[in-house]
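Take a look at the structure below.
The values are calculated or read from the model by the stated rules, or taken from the named source; none is laboratory data. Just so it is clear, the structure is predicted and the values come from calculations on it, not from any experiment. Glycine gets a Cβ as well: all are built from the backbone with ideal geometry, and neighbour counts include every protein chain shown. Ligands, DNA and RNA are excluded from the accessible area calculation, which covers all protein heavy atoms including side chains. Shrake-Rupley method; radii C 1.70, N 1.55, O 1.52, S 1.80 Å.
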Amino acid sequence: MHKILIVDDIFVNRLLLKEVMKGLDVACIEAQNGKEAIEIIQREKVDLIFMDIEMPVMNGLETTRHIREKLPSPVRYIPIIALTAHNPASFFDDFRDVGFDFLMTKPYSIEKIKQAINKTLPAK
Ligand SMILES: [Mg+2]
């Protein structure tokens, strides 16, 4: 079973994402900001990260850059999906430039989540 880390500062957003993923064969863990996320992925094996962009303490852009540039392999290569409710163009021209593997816009749907997972994770 794939382990997915949900990083979002809003409790209800994490809950929603977890609820939608209940029908999938995945295990979810959570972090409230990028700093927590970095601690978790250095401690336990995570297969995929859903990363909110706007968060206090350490936002999704800073966190993703840190993971891609500062952490050792294989942690630095964990697929990361950017989450945003706003126009992503206000954060970056291309999400790949920041180090994201995929971009998922809110509101979530099971189809969007399945597509994001299928595009970023090899079938297990
Ligand atoms: Mg947020």
Q: Assign one of three labels to segment 1-80, namely rounded, prolate or oblate, based on the Cα gyration tensor with a ≥ b ≥ c the square roots of its eigenvalues; rounded applies when a/c is under 1.5, prolate when it is not and a/b is larger than b/c, and oblate otherwise.
A: oblate
Q) So for the pair His86, Arg68, with labels modelled 7 Å out along Cα→Cβ, what separation do we get in nm? A) 2.0
Q.
Test of understanding: what is the full-extension gain from Asp93 to Lys18, defined as 0.36 nm times their sequence separation minus their Cα-Cα distance?
A. 24.1 nm
Q: Measure off 7 Å from each Cα along the Cα-to-Cβ vector at Ile10 and Val75, then give the distance between these two points in nanometres to one decimal.
A: 2.9
Q) Using a 1.4 Å probe on the protein chains only, how many percent of the accessible area of the chain belongs to carbon and sulfur? A) 53
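Which value, in Å², gives the accessible area per residue of segment 2-120 when a 1.4 Å probe is used on the protein heavy atoms?
Details: 6110 Å² over 119 residues.
Value returned for segment 2-120: 51 Å² of accessible area per residue.
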